[in-house]
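These notes are about the structure you will find just below.
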Amino acid sequence: MYDLVRGPLLWVSFIVFIGGSIVRLAYLAYLAKKKDHTVLTYANFKFGLRSIFHWLVPFGSTNMRLRPVFTIVSFLFHIGLIFTPIFLLAHNILWYQSWRISWWTIPDWLADIMTVVVILAGVYLFVRRRVCKEVRYVSSASDYILLTIAVGPFLTGFLAYHQWLPYKAMLTLHILCGEIMLMAIPFTRLDHMLFFWLTRFYMGSEFGGVRHVKDW
Amino acid sequence: MAGLLPRKWDITDIGLEEGAKGLSPDKIRTVIKKVLNGEGLARIKAYVDTCIHCGLCSVACHHYLSNDCEPRFAPVGKIKNTLWEMIKNDGRVSPEFIKQAAEIAYTECNLCKRCSMYCPFGIDMAWMLSVVRRICHLCGVVPQYLQDTANSHSVTMNQMWVKQDEWIDTLQWQEEEAQGEIPSLRIPLDKEGADIMYSVIGPEPKFRAQLIYSAAVLFNVAGLNWTMPSFDGWDNSDMAMYSGDWEVMGRVKKAHFEAAMKLKVKKIVMGECGHAFRSVYDVGNRWLGWKMHPIPIIHAVQFYYELLRDGKIKIVRKIKEPVTLHDPCNIMRGRGLMDCARYVVKAICEDFREMYPNREHNYCCCAGGGVINCGPPWKKKRVESNKVKAEQMAATGAKIVITPCHNCHSGIEDIIHYYKLPMKNVFIIDLLMQCIEIPEELRA
């Protein structure tokens, strides 16, 4: 099982993730050209990037300032989610073993903290989805599944690293969870990782270029 | 099949009732598929696939805030109960569902776009609800009063069934009235080669003719070379844009632009109307294939600002009572005229008070987006769904609310009466008339 997830399935997941993302983006570009020229006509680099910048900076928008706790949790969640796997020493060693490439790493204690933060933030998001009525109203099974997919690799990775449960099984499960997440990105609403840039860019272009106002 | 929601207001609208009677599931499905696979497909796909159902847009919406934060009035809640269901069921929804979707899209969203500024992804929920309106229009399920207005546009090229002789007669009547104050005053009709064509919305000749009087005084005092068309195209409003009848919207906009071109004017100045500005600046021009308006067009607020800035009119009196300003969505969030409006208001008012949130973060009046045009049956729902605006206005302690937009003006007037607020509302030009200098040589 370990050999399967460490070998062929890893290849599959990366191909699905990268290939799927390219296909999704290319298809959207094709649709925009064919059926939605508005988006291309009003696209404006200055205002599009200005909007993205404001929404990437913590507390850079009015709505973020209205909800400080959610803003902090949400930023920590996303930062942990993206950067922990990329800069984890153990992952880097794997890259080095397979491809002889490596880059910066973060110390294990920091990765450990970031992992715990992602898990706790995931719990917060889950509770918020259950408790806040406006969020609960629009939540369906898929929302809980997506949250589980996102937090899964961190929970299993944490357990594997600390070896509180059978190491090999947990490690296999961890890799499998990571692969599921990668493959889910282009084909579920986790694709907001790909589309955030586009929708924000377009709205920034409209608000800045046409409406002459801020959109944050 | 999608389930139906309990109704909060028991309102019957013959346009929705009769329209739904003529629908079959097949017809509905054909319409939905046609619209959702048509123009705008890339955005619909990206928006529906990107929305992570976080609910962060909720606080942006005055319907949500005014209805005890009921989730179904949140922007995402309204998308869920309309577009998501249509997509999920692949267009297989009942006539009753379309009736409900029409009620949501036409009366629970003013297309003010405030939610786009609160969504982390910048998802354009107002646009999505205008797509739902398009579906309802093609299904023939539109609130009766709104449909009647669109019919008027289609038949007469203006919003209020005003005939050409009535239009000309109204202009001459106002000209004559104003000559009591300035004997040399003219409202020049069809003056080819004038610098400015002044255009208004249908309701001005219908029941706010004094606004034409005021505008004529302003033009004459400023000594401008201006004209108004005597023929179709004088009305710059466009309720077909809001009913979802984009074909008629296009015809109306074309007539308006062409009137200006026929008169060979340098620019169009529009009266204090927000949705009309949106229709020439953002929506109608796009339908006609113009990236922006084909000839220069400015809104009244910008026009007043330029007159004051350039010293074309002089202020000799100031309003002493406390004044506040309502920022109309279509010219503030839609065009960024916040500073022009404040320049003018501060020039004519001694005690100006901001209401918060303001500028592009203003709360909508709840009348715009065609909601007030859905008519008397929906009035109670409309004013009750904007309690936040009443609270916001009351908090300023102002005696006068300036509403430089027709829809806002009527909507806020209703709010003032319903919530018994100790204030009155006016257009900017109403105050300008009290404050500007009319030179002696022009006077009777």
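Per-residue ellipticity at 222 nm, computed for chain A from helices alone with -39500 (n - 2.57) per DSSP H run of at least four residues, works out to -26000 deg cm²/dmol.
Spin-label model, A:HIS162/A:TYR124: points 7 Å from Cα along the beta carbon direction are separated by 1.9 nm.
Rounded to the nearest 20, the Cβ-based charge dipole of segment B:315-435 about its Cα centre (Lys and Arg +1, Asp and Glu -1) stands at 160 debye. With contacts taken as Cα pairs under 8 Å and at least 6 residues apart, segment A:2-210 reaches a relative contact order of 36 percent. Once you reduce segment B:374-429 and segment B:291-330 to the center of their Cα atoms, the two points are 21 Å from each other.
Within a straight-line Cα-Cα reach of under 18 Å, A:LYS35 can be paired with the following lysines, leaving aside sequence neighbours fewer than 8 residues apart in one chain: B:LYS33, B:LYS34, B:LYS45, B:LYS291. Exposure proxy ranking for B:SER243, B:SER230, based on other Cβ atoms within 10 angstrom of each Cβ and starting from the fewest, stands as B:SER230, B:SER243. Here segment A:176-216 and segment B:164-186 have alpha carbon centers that stand 55 Å from each other. Neighbour counts of other Cβ atoms within 10 Å put B:ILE123, B:ILE415, B:ILE87 in the fewest-to-most order B:ILE87, B:ILE415, B:ILE123.
If you sort the three axes of the alpha carbon gyration tensor as a ≥ b ≥ c, you get a/c of 1.5 or more for segment A:1-113 and a/b no higher than b/c, which makes it oblate.
Placing unit charges on each Cβ (+1 for Lys and Arg, -1 for Asp and Glu) gives the protein assembly as shown a dipole about its Cα centre, and among B:PRO422, B:GLY289, B:PHE257 the Cα reaching farthest toward its positive end belongs to B:GLY289.
Dipole size of chain B about its Cα centre, with +1 on Lys/Arg Cβ and -1 on Asp/Glu Cβ: approximately 1280 debye, rounded to the nearest 20. Screening chain A for DSSP H helices whose Cα atoms reach 18 Å or more along their own axis and whose mean Kyte hydropathy is at least -0.5 gives A:8-35, A:68-87, A:108-131, A:141-162, A:167-187, A:192-205.
Dipole magnitude for the protein assembly as shown: computed about the Cα centre from +1 point charges on Lys and Arg Cβ and -1 point charges on Asp and Glu Cβ, it is near 1600 debye. Taking a ≥ b ≥ c as the square roots of the eigenvalues of the alpha carbon gyration tensor, segment A:2-210 is prolate, as a/c is not under 1.5 and a/b beats b/c. In the protein assembly as shown, taking the dipole from charged Cβ atoms about the Cα centre, the farthest positive-side position among A:LEU4, B:CYS69, B:LEU4 is held by A:LEU4. Each of B:ILE52, B:THR149, B:GLN210 was placed along the dipole of chain B (beta-carbon charges, centred on the mean Cα), and the one lying farthest toward the positive end is B:ILE52. When the trypsin sites (Lys or Arg not before Pro) in segment B:122-220 are filtered for DSSP coil states and for at most 16 other beta-carbon atoms within 10 Å of their beta-carbon, the remaining sites are B:LYS163, B:ARG186. Rounded, prolate or oblate: pick one for segment A:4-66, where a ≥ b ≥ c are the square roots of the eigenvalues of its C-alpha gyration tensor, a/c under 1.5 means rounded, and failing that, prolate if a/b is larger than b/c, else oblate. Because a/c hits 1.5 or more and a/b fails to exceed b/c, segment A:4-66 counts as oblate.
When B:ASP165, B:ASP414 are arranged by Cβ crowding within 10 Å, least crowded first, meaning fewest neighbours, the order is B:ASP165, B:ASP414.
Every number here is computed from the coordinates shown, using simple stated rules; none is lab data. Worth saying up front: this structure is predicted, and the values here are computed from it rather than measured. Glycine gets a Cβ as well: all are built from the backbone with ideal geometry, and neighbour counts include every protein chain shown.
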